[in-house]
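Undergrad: Next up is a structure, given as structure tokens.
The values are calculated or read from the model by the stated rules, or taken from the named source; none is laboratory data. None of the values given here were measured: they were computed from a predicted structure. A quick note on method: Cβ atoms are made from the backbone with ideal geometry, for glycine too, and the neighbour counts reach across all protein chains shown. The protein model used for the area step is the full one, side chains on, heavy atoms only, and it has no ligands, DNA or RNA in it. Shrake-Rupley method; radii C 1.70, N 1.55, O 1.52, S 1.80 Å.
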Amino acid sequence: MARERISLVSDEVKQQATLETRIRSGEINATNFKALSSEEQSQVNEILFEMACENVDPHKGSSVLEFILFGFMRVANKKMNGMALSEDEKFIEESLTQMMNRHEITNSTIDKSEWLLDYMKYAETKSEEILRNRKEHINRKRETMGEL
């Protein structure tokens with residue numbers, strides 16, 4: 001009787017694991033990257049992004065964005081209403097300015113051609129994916145429940 005081999009891991013997952021191992025070992029590099037198929041190049045790009053995300057705690061990132069947003073709102077609200085800033089608000093404004101100068105999008109001395117990443121194209125692409133997902137969710141919900 002022939003033995004049947006059962007695999008609980010898909011070939012795609014195996015291929016991604018292999019590519020990640022090759023990236024981490026330095027086997028895939030700038031010299032041989034172009035020799036990969038376009039599908040493998042795309043997978044390598046995604047894997048590199050996931051590897052970068054490993055070092056970012058989304059909860060801390062959300063907190064940082066919250067603090068920046070509310071700090072900006074506090075300062076902007078006072079300025080829009082023509083009110084003077086307190087010492088605390090001047091400190092917040094200076095901190096926001098320092099953060100803006102660190103980021104390529106808000107640092108006006110850095111040309112877009114010098115950005116490490118095309119941030120706006122990335123944001124555009126991701127927003128399209130989010131809107132497409134939302135539309136699919138609404139259609140799925142409507143088909144399942146008959147309403148929204």
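Undergrad: Taking the Cα centre of the chain as origin and charging only Cβ (+1 Lys, Arg; -1 Asp, Glu), how large is the dipole, in debye to the nearest 20?
TA: Dipole size: approximately 340 debye.
Undergrad: What net charge is computed for the residues neighbouring ASN133, neighbours being all others with C-beta under 11 Å from the C-beta of ASN133, Lys and Arg scored +1, Asp and Glu -1?
TA: It works out to a net charge of +2.
Undergrad: Let me ask you something else. In degrees between 0 and 90, to the nearest 10, how far off the longest principal axis of the chain does helix 58-80 point, with axes built from Cα atoms?
TA: 30
Undergrad: Now for a separate question. Tilt of helix 119-145 relative to the longest C-alpha principal axis of the chain, in degrees (0 to 90, nearest 10)?
TA: 70
Undergrad: Okay, next question. So, for the chain, what is the accessible surface per residue at a probe of 1.4 Å, expressed in square angstrom?
TA: For the chain, the solvent-accessible area averages 85 Å² per residue.
Undergrad: Further, regarding this structure: With everything on Cα atoms, drop me the angle between helix 38-53 and the longest principal axis of the chain, reported from 0 to 90° to the nearest 10.
TA: 50
Undergrad: Give the aspartates and glutamates whose C-alpha is closer than 12 Å to that of LYS112, dropping any in the same chain fewer than 8 places away, or say none.
TA: Straight-line reach from LYS112, under 12 Å: GLU104.
Undergrad: Multiply the residue separation of ASP88 and ILE23 by 0.36 nm, subtract the distance between their alpha-carbon atoms, and state the gained length in nm to one decimal.
TA: Computed gain between ASP88 and ILE23 is 18.7 nm.
Undergrad: Also: Could the peptides 95-104, 14-23 be put in order, highest first, of the mean number of other beta-carbon atoms found within 10 Å of their residues?
TA: Highest mean packing first, the order is 14-23, 95-104.
Undergrad: So, counting K/R as plus one and D/E as minus one, what does the shell of residues with Cβ under 14 Å around GLU54 add up to?
TA: That works out to -2.
Undergrad: If the cut-off is 18 Å between C-alpha atoms, which lysines fall inside it for LYS78, apart from same-chain ones fewer than 8 positions away?
TA: LYS90
Undergrad: If the convex hull of the alpha-carbon atoms of region 12-146 is projected onto planes in all directions, what is the mean projected area in square nanometres?
TA: 14.1
Undergrad: Moving to a separate point now. Report the local net charge at VAL64: Lys and Arg +1, Asp and Glu -1, summed over other residues whose C-beta lies under 14 Å from its C-beta.
TA: Net of charged neighbours comes to 0.
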